[in-house]
1. Any residue in the range 168-176 that is touching a helix residue (DSSP H, G or I) at 6+ places or on another chain (Cβ under 9 Å), among the small types (Gly, Ala, Ser) and crowded, with 16+ Cβ neighbours inside 10 Å?
2. Quick one: count up the residues across the range 165-190 that are in a strand (DSSP E or B) and either of a type in the set (A, V, I, L, M) or under 18 Å from LEU106 (Cα atoms) (or both).
3. With respect to GLY252, is the statement that it is more than 23 Å from VAL17 (Cβ to Cβ), loosely packed, with under 14 Cβ neighbours inside 10 Å and either among the aromatic types (Phe, Trp, Tyr) or out of contact with any strand residue (DSSP E or B) (no Cβ under 7 Å at 6 or more places or on another chain) (or both) true?
4. Tell me yes or no: at least one residue of the range 199-214 is of a type outside the set (Val, Ile, Thr), over 21 Å from LEU23 (Cα atoms) and in a strand (DSSP E or B).
5. Can you report the number of residues in the range 121-149 which are part of a strand (DSSP E or B) and among the hydrophobic types (A, V, I, L, M, F, W, C)?
Amino acid sequence: MKKYKPTSAGRRGMTVVSYKEALTTTKNAPLKSLTKGRRSTGGRNSTGRTTNLYRGGGHKRTYREVDFVYSKKDVSATVEAIEYDPFRSGFIALVLFKDGERRYVLAPKEMVQGDEFIVSETAKPKTGNRLPLGKIPVGTFVFAVELKPGAGARIARSAGNYVEIVAQDAGYTLLKMPSTETRRVLSTCWATIGVVSNEEYRLVTLGKAGRARQRGVRPKTRGSARNAVDHPYGGGEGRAPRGHRHARTKQGRPTGKGQKTRRPKKYSNTFIVTRRKPGKVMGGGR
């Protein structure tokens, strides 16, 4: 992490990731053939209604087309560069396959320029290689895990994240998720060996509101400061208590302090072996 001298109130306590040490190049020049434009939604859906609060503005960004399906199998690839991606917290790697094709993939923590990896059922379980869950030893850390065979990576894709393989059982692999939940996934689903890069991302202190606005994050208004029509906590004379036994969102749904928000009849409940433990990891139960 890089820290600054407290030359101003915003600089005091402000930290950033040391990109010069982690990336091959700090220039914002991705491979043009693997990029495209992407407009910000501002938190609004197709009809123009705000469905995600506190989103808007932000710096203009070029979208990198990252390969989460890993459809090119049994062809080894060499890492040409480790690059920054403004749309995700982890770093991405520009790789060159032996047949001459280039793609962007999620970069694991130990991956550096010049490393080789392969996507194959017969691959060795070493960092960067991708293979079916059923062929990965118990206790291995993996990321970019599929939930359905061939559907592409869905689990553990953000900076510093990983999933631990706990057991192999009757065609299913038991995974310990980043949320502490243990769930079953088909052993024919694929995963990449290692931990997602840029694990220091969670330690970043923005320091000032301007950095949040550059990321497209708008200011958040406290529920108790609103009118009664706008939030369950709103209204009242002066600073009134929230008036509810349990914490809840603007829509009235329970939230925080370890309250269960999962639907009782969700289709994937049968795959959950152990429910997640609310606490400091999940932001509740403090």
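Quick note: the coordinates plus some simple rules give every number you see, no bench work behind them. Predicted, not measured: the structure shown is a model, and the values here were computed from it. No Cβ is skipped: glycine too gets one built from the backbone with ideal geometry, and neighbour counts run over all protein chains shown.
1. No, that holds for no residue.
2. 8
3. Answer is yes for this residue.
4. no
5. So the answer is 5.
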